[in-house]
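What follows is a single structure, written as structure tokens, with notes after it.
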Amino acid sequence: MREITVGGAQMGPIQKAESREAVVARMIVLLEAAAKRGCDLVVYPELTLTTFFPRYWMDDEAEIDAWFEREMPNGATKPLFDRARELEIALCLGYAELTPEGDHYNTQILTDRTGAIVGKYRKVHLPGHSEYDTERAFQHLEKKYFLPGDLGFPVWRNMDAWMGMMICNDRRWPESWRLMGLQGVELVVFGYNTPSVNSQMGGEGLEKRLYHSELVICAGAYQNATWAVAVAKAGDEDGHPLMGGSIIVDPNGFVVAKAQTEGDELITAVCDMDATVFGKETIFDFARHRRIEHYGPITAQ
Ligand code: CDT
């Protein structure tokens, strides 16, 4: 058995004026709880450190850049990294990244249990739009503020397992899962910020949105024989509700832990990486069963 105890550290809402330091203090409370529950790895949401700022239209470059981190760890997040190192807990954390070249990405990093960064992922599937959309109930300007990720979907050896990352909307695309599945991924970790309402279809219920999120995560996990940890930033941010529903899913596609609130909440599960082996060697033995001669159109325009 290769057991990893995983924590999904769902975060409640973060308001516009809330400082990184205040958010990090909340993250450390969840980290301490995770330590008490024996976690080896704790996963935080997409853009963990701030409110979900792509809902705001901004033109001023300095105002935009204020939402981004120039390095990781940095002054605000160092206490989290320090405490995680002391507790020997690996971290997965999403944040807005501003590179030295001036490029902006929606990014997530993975550390090992010493706090060293072993993997970086930049969100590939950016939802929403880049121009102000008067037809929407609220804006979702990821295409304005971020470049599409340029690092692909690699996997990393960490804690004696193959780990992969995606971010939020990536979970709805089977390609994200399959690219990591083809590299033998055993644990996919990611965060999300999903509005509780559809900005383009009033009346769409929360139940349907939670269902679609769970559906794609369970399917992705099953079809690639991998564990998955999906962690929300939830609750009401500045009058804009984000859904919760953080889950841990096993390689058979079953939910084994699920958040019950829209606040700061830790979910945990003991995940045996060897539970992925049966699926990978039987129904989802890609080398034996895939028929790639028919798959060309998937990568064509
Ligand atoms: N953050 C993020 O990617 N959210 C999207 C919302 C899509 S609506 C424009 C999601 O897929 O959950």
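The values are calculated or read from the model by the stated rules, or taken from the named source; none is laboratory data. Everything numeric here is computed off the predicted structure, so don't read it as measured data. Counting neighbours? That spans all protein chains shown, and the Cβs are built from the backbone with ideal geometry, glycine included.
Some observations on this one:
- Single residue of segment 196-228 satisfying the filter (among the acidic types (Asp, Glu) and free of Cβ contacts under 8 Å to residues at least 40 places away in the same chain) that is farthest from the ligand (Cβ to nearest atom): Glu207
- Candidate set: segment 57-87, residues that are of a type in the set (Phe, Trp, Tyr) and crowded, with 17+ Cβ neighbours inside 10 Å; chosen: the one farthest from the ligand (Cβ to nearest atom): Phe81
- All of Leu179, Leu126, Leu110, Leu187 fail the test of being within 29 Å of Gly203 (Cα to Cα) and surrounded by 19 or more Cβ atoms within 10 Å (Cβ to Cβ), apart from Leu126.
- In segment 229-240, residue surrounded by the fewest Cβ atoms within 10 Å (Cβ to Cβ) [restricted to those that are away from the ligand (no atom under 11 Å from the Cβ) and under 15 Å from the mean Cα position of the chain (by Cα)]: Ala234
- Taken over segment 99-134, the criterion of being within 19 Å of Trp57 (Cβ to Cβ), more than 14 Å from the ligand (Cβ to nearest atom) and either within 19 Å of the chain's Cα centre (by Cα) or assigned to a strand (DSSP E or B) (or both) is satisfied by His104 alone.
- Cβ-Cβ under 9 Å pairs, at least 6 apart or on other chains, segment 37-50 side buried (at least 24 other Cβ atoms within 10 Å of the Cβ), far side assigned to a loop (DSSP other than H, G, I, E, B) and of a type in the set (Lys, Arg): Leu41/Arg113; Glu46/Lys123
- When every residue of segment 261-276 is checked against the conditions, none turns out to be in contact (Cβ under 8 Å) with a residue 12 or more places away in the chain, surrounded by fewer than 22 Cβ atoms within 10 Å (Cβ to Cβ) and out of contact with any strand residue (DSSP E or B) (no Cβ under 9 Å at 6 or more places or on another chain).
- Sole exception among (1) at pLDDT 95 or above; (2) among the hydrophobic types (A, V, I, L, M, F, W, C); (3) within 14 Å of the ligand (Cβ to nearest atom) for Ala90, by number: (3)
- Index of the failed condition, Met159 passing every other in (1) more than 21 Å from Arg290 (Cβ to Cβ); (2) within 12 Å of the ligand (Cβ to nearest atom): (2)
- Some residue of segment 248-256 being modelled with pLDDT of 95 or more, touching a strand residue (DSSP E or B) at 6+ places or on another chain (Cβ under 8 Å) and over 19 Å from Met165 (Cβ atoms): yes
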